[in-house]
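Okay, structure first, notes after.
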Amino acid sequence: MKAAFLIPILIFFGISFSYAQEGYYYHTTEEETIPLALIDNKFAIEFIDSIPDTFNGVFLRENLYEIADTSGLDTLVIAYKLHPVYRLGEDIPYYLTSNLLLQFKQEITYSEKQVLINNFHLELVDSCEIFERYKILDTIGNTLTIANSIHGTGMVNYSYPDFITEIQLGTTDPYFSKQYYLKNTGQPINDGKSGAFGADIKIEGAWALNKGNSNITIAVIDKGVSIHPDLPASRQVRLTGSNLSPYKYGNNNVDNPSPERLSWHRWYHGDGCAGIIAASHDNVGIAGIAPLCKIMPIRLDIGSTNVGESDFVKAINMAANNGAKIINCAWTAERQVPFNFWPLVVKSIENAIAKGCFFAFITGNTANQANGNRGFVGWPSNRDIPGMVVTGASNRYDKQADYSPTDQWVELVAPSAHVGGGEGATEGGDVYTLDIPGDTGRGLNPFNEDVAQNYFPTLGEILPSTHPSDPTNLIHLDYTGRFSGTSAAGPQTAGVAALMLTENSCLSPGQIEDILEATADKVGGYKYSIYNSRGYFQGRSQEFGYGRLNAEKAVKAARDVKKTSVDLYMKDDVTDLGIVRTYNTAFSPDIWIRNQNDGLVNRYYQRPNYLPNTPVYVYVRIRNKSCQNYNPSGNYGKLDVYWSKASTMASYPSNWNGSKPSIGNVIVGNKPIPAIPAGGEVILEIPWIMPGPLNMLDRMWNICILAQISLTNGDATTSYPGNFPMYVGVNNNVTLLNTGVTNLSSGTGFSNLSPNHGQMVYRPKGGTFRLGNPNEITTSYNFTFETPQYTMPNLTDYAEVKLFFDQDGWELFNNAHAFTEVEGVKIISDGVIALTKPSVTLSNISFPADSFVEVYLGFHHWADSAVTDTVWYDYRITQALDTLPDTVQGTCNVQVVAHPRNTFSADAGTDRQINKGQTVMLSATDIGETATYLWYDDHGILVDSVREIEVVPDTTTTYRVEVIATSDDFKDFDEVKVNVKQYFITCISPNPASTTVTVQYDVTNATTASLLFTPINAGPSFSYPLNTSLSSISINTSSYMVGNYIVTLICNGNNVDSKGLLIN
């Protein structure tokens, strides 16, 4: 489960400090003082939230750089913390970060721990059996000094900084410096191209834990694997009968799974994959990811001859039945095939997974992103099979490789060539790995693809030797620097999986997949939340899946999840592996609701629709992360499920246990949990008859679901009175779904005209939740409404977000001046505001003890933003103490679903001009579909809700028409201005005139008024003062020259109206 200690962080944009020349830290197991010396003119700069686009420091890791000169830091506009650098011994630099490691003494109580954590402004990052790692939230103060101060409290066994230093891993293979996919320092690679710092899989952190195990075997089902100097026979499991394509090209040996030594059809492919996975660390050639593991080659002449369904089935069965733990399949059908294509292959994959085999498949190379072809994931990678990971390709810059598809089935990416070369290209493959050994000219070195005249690279290109023990220039011909495609990405996933199994041999295939997804780095700037026919996937993108593979995080997580006794848990969010306790989104992927009992297939949340005496279905997934099978016995392992009206702060247990039945109650209690195998999971289906008031049309409540495993033998349930987020976050056997879904399509949610604070307002589709104070004393809070930083796009860029307060809530917030001069808040009318910025905070709202208000949150998607795919927007409401604004007390989440539709535009017509007292017809253009037309005056008062209206404004008024599509609440608006003349000429009669003319006028309330008769041609003008209490004047025109005149009405010194007059 995630979460717990959220303490305010103070961000400074420039920090100066002074440090003593010497420091010390306490050893982890003894009271031993380790002396450190300060290194002069060397500093570590740690960026807090983001890293500058360009920075001249030496990259150390992630957000940490080494610098020697601090004089230019005052120009930085992003938050950072500056650390000293110490020296251990003669020349080993020790870099500080904001993290420290500690272990509390066993007798220290939870309350005592919290006091220390709060006093030193710490936040738990992660933990395992031997340490807890905390982040210091203050950006001032020396981490070393703070760690020593904590140690001095006597409450810990040890406390010292989580120092960063360079560890020599003994990898001196000469081409390792070119293997940017393992370690990218921005080094030159091929064709004049270089990488980018950190755009790699972070392999050295994984190697610090292990480099594999000879008991772990990875099957490579491919075009064969050679007995190679960097992958000798002693590190291969070459099975009898493992050549399943023996006869076509002359091998004729069913027991020899080596590739053919021919110059075409990519016979080098299997060697390239196997080298990435497991090439030896032997000071020669390249470095494999898992050099102590074994490779099991199974040859199928994929792409060279036609292979049948039975061939693939035999290959997979051979691997699964002969001890392979991982099966690498760097192939797909790169053409569209029926969904049920070759079902026996899919069945054989599922059977192998049931036997404990993890599969590493690839997406295929079907895209041409530069030319707008997004590609597709080929069969069988487009099948959703737990325990099988599908890997696409990033490039050396952490962006999508040109050939890697954009598709819902992408799960991970790993670095590979940006392009694979080809006709007209300016760069080629750049992945260094094994080639068919020897001076054969049969692989990629010398380059010997089927090439066109202007193919890149050129025919015969030879990889240069970089090894001094190669005087004959032959050793380097066993390798290539021209491998490419997703075929180079998938084996990286297989190799990392082998390291994970070395660290934790009882991981199931599903757990390996889960850990790889949860620990991937969300790089590239892509939208990591997608919706497709299989549901909503938070944290997943179509370009990079769950992100770029991170070997260090994955292997560490594999170590940390290991439990030898039964341990059942439920996820708090998609990254929750049951080890890091950091309360996060309250959007558990292990709880969902469906309106039909189809949740075993459709594993995503639907807004429940209330029908009397008709159940909706709650689904709860329970996971066994241990190495032991769970078998139910007695009262051990029962599930309790509760509901509550959504609230940013919910009292526990009163909001859930039925003591306030209008707020929440039990859905099911003591439901038995069936047997769960080690590393497995089970999904329980629970029918629920919803209480009717939850679906009242003037409320449409969002609902929270709480699930708790009771009486477990794993983590005990710890009570946190008055702190519900801690109760959920710290306990692995408790999880919460506090999320409402507003689906803008027809038939979900509701939208209507309804009274609000004495006015009629249009309430869009949305839901109600509670804001308040569950404590026994008056408390002030801040409420933040925002698009979470982890998701794209910003909802407020595409939709109108409105809050509707009840009477008590409006008075409470308004009296606190919560809306005054707050950027991003627009008051629509009493009780209604619009939120126009991605993040808006309403501050210092004082709630009496145990009091709550109801707030309705509604959404209109703007109709001028075309939606071509179904889009899910995340939106979040957080509540924090006013005195500790960064300390989150509770959260509500909302997801808004917009479905594909065409754009439309509101059109209110052209501006009008009328005289005071006149009626004018305003008409909005019909948008061609059923819609509501809402007309408002410039005070925001609703005038009418029809397409055409008649109005009689007293003064110049701007009318706004809002056009809302009935089908999905998409909305557009337009404005029309009606200019109202307050003083005007009503009539001139007769016209034409000769001797006398009468002018009728309205100058009511004018101070002065007059008429001016001006001939169009040359001649004298005539002016007549008007009596403002009268409405007409008769004028003798017998002396006027014949011709056309302009009669101008002048009021208060201004020309306000005019008409023409003909004298004859």
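Extending 7 Å from Cα along the Cβ direction at Asp850 and again at Lys113 yields two label points whose distance is 3.1 nm.
Loop-only check: which chymotrypsin sites (Phe, Trp or Tyr not before Pro) in region 275-353 are DSSP coil with at most 12 other Cβ within 10 angstrom? Present the calculation step by step, with values, prior to reporting the outcome.
On the way: sites: Phe312, Trp331, Phe339, Phe341; in loops: Trp331, Phe339, Phe341.
Of the chymotrypsin sites (Phe, Trp or Tyr not before Pro), the ones in loops of region 275-353 whose Cβ has at most 12 other Cβ atoms within 10 Å are Phe339.
Mind checking which of Val840, Val871, Thr887 is farthest towards the positive end of region 752-890's charge dipole, using Cβ charges of +1 (Lys, Arg) and -1 (Asp, Glu) about the Cα centre? My answer, from the dipole projection, is Val871.
Can you give the Rg/Rh ratio of region 752-890, where Rg is from the C-alpha atoms and Rh is the Kirkwood radius? A ratio of 0.97.
On the beta carbon distance between Leu600 and Lys314, with R0 = 30 Å, the FRET formula returns roughly 0.40. Rounded to the nearest 20, the Cβ-based charge dipole of region 752-890 about its Cα centre (Lys and Arg +1, Asp and Glu -1) stands at 280 debye.
Taking every alpha-carbon pair under 8 Å whose residues sit at least 6 apart, region 984-1063 reaches a relative contact order of 36 percent.
Region 904-925 and region 799-847 have Cα centres spaced 32 Å apart.
Please compute the Kirkwood hydrodynamic radius over region 912-981, one decimal place, Å, based on all pairs of different Cα atoms. Please report the intermediate quantities before stating the final value.
Numbers: mean 1/r = 0.0800 Å⁻¹.
Final number for the Kirkwood radius of region 912-981 is 12.5 Å.
Residue separation times 0.36 nm, minus the C-alpha to C-alpha distance between Val952 and Asn670: what's the value? Before the final figure, lay out each step's value.
Details: separation 282, 0.36 × 282 = 101.52 nm, distance 6.70 nm.
Roughly 94.8 nm would be gained on extension.
Take 217-226, 850-859 and order them by the average number of nearby Cβ atoms within 10 Å per residue, most first; the result is 217-226, 850-859. For the Cα trace of region 914-1064, dividing Rg by the Kirkwood Rh returns an Rg/Rh value of 1.18.
Full extension of the chain between Ser505 and Asn371 yields a length gain of 43.8 nm, computed as 0.36 nm times the residue separation minus the alpha carbon distance. Listed by chain and number, the aspartates and glutamates whose alpha-carbon sits under 14 Å from that of Lys193, ignoring those within fewer than 8 places in the same chain, are Glu427, Asp430.
With K and R counted +1 and D and E -1, the other residues having a Cβ less than 11 Å from that of Asp407 yield a net charge of -1.
Give Lys202/Lys625; Lys527/Lys556; Lys325/Lys355; Lys81/Lys522 a once-over and call out the pairs whose C-alpha atoms are over 20 Å from each other. Beyond 20 Å between Cα atoms: Lys202/Lys625; Lys527/Lys556; Lys81/Lys522.
What you get for region 912-981, charging only the Cβ of Lys and Arg (+1) and of Asp and Glu (-1), is a dipole of about 460 debye around the Cα centre. Taking other residues whose beta carbon is less than 15 angstrom from the beta carbon of Thr70, and scoring Lys, Arg as +1 and Asp, Glu as -1, yields -3. For region 476-498, backbone nitrogen atoms closer than 19 Å to the point 7 Å from Gln187 Cα along Cα-to-C-beta are found at 476-484, 489, 492.
Using only the Cα atoms, what convex hull volume per residue in Å³ does region 112-214 have? Walk me through the numbers before you get to the answer.
Values: hull volume 16.3 nm³, N = 103.
Enclosed volume per residue, from the Cα hull, is 158 Å³.
For region 97-138, the calculated P(r), taken from all Cα-Cα distances in 5 Å bins from zero up to the bin holding the longest distance, is 6, 22, 32, 29, 9, 2 percent. Label point of Asp907 set 7 angstrom out along Cα-Cβ; within region 922-945, amide nitrogens under 12 Å from it belong to 924-928. This model, with +1 at the C-beta of Lys and Arg and -1 at the C-beta of Asp and Glu, gives region 22-161 a dipole about its Cα centre of some 180 debye.
Okay, which of region 971-994 sit inside 17 Å, backbone N to the point 7 Å along the Cα-Cβ direction of Thr1007? Inside the label zone: 983. Note on region 984-1063: Cα-only Rg and Dmax are 11.8, 35 Å. Annotation for region 52-104 versus region 117-159: alpha-carbon center distance of 19 Å.
Taking packing as the residue-averaged number of other Cβ atoms within 10 angstrom, the listed peptides 132-139, 199-206 run from highest to lowest as 199-206, 132-139. The order of the peptides 639-645, 809-815 by mean Cβ neighbours within 10 Å, most packed first, is 639-645, 809-815. Between the beta carbons of Asn775 and Phe131, assuming R0 = 25 Å, the FRET efficiency works out to 0.15 to the nearest 0.05.
The mean of 1/r over all distinct Cα pairs in region 785-863, once inverted, gives the Kirkwood hydrodynamic radius of 13.4 Å. A Förster radius of 41 Å, combined with the Cβ-Cβ distance separating Met760 from Asn723, puts the computed FRET efficiency at roughly 0.45.
Only the coordinates and a few stated rules stand behind these numbers; no lab work does. The model shown is predicted, which means the values in this text are computed figures rather than measured ones. All Cβ positions, glycine included, derive from the backbone under ideal geometry; neighbour counts span all protein chains shown.
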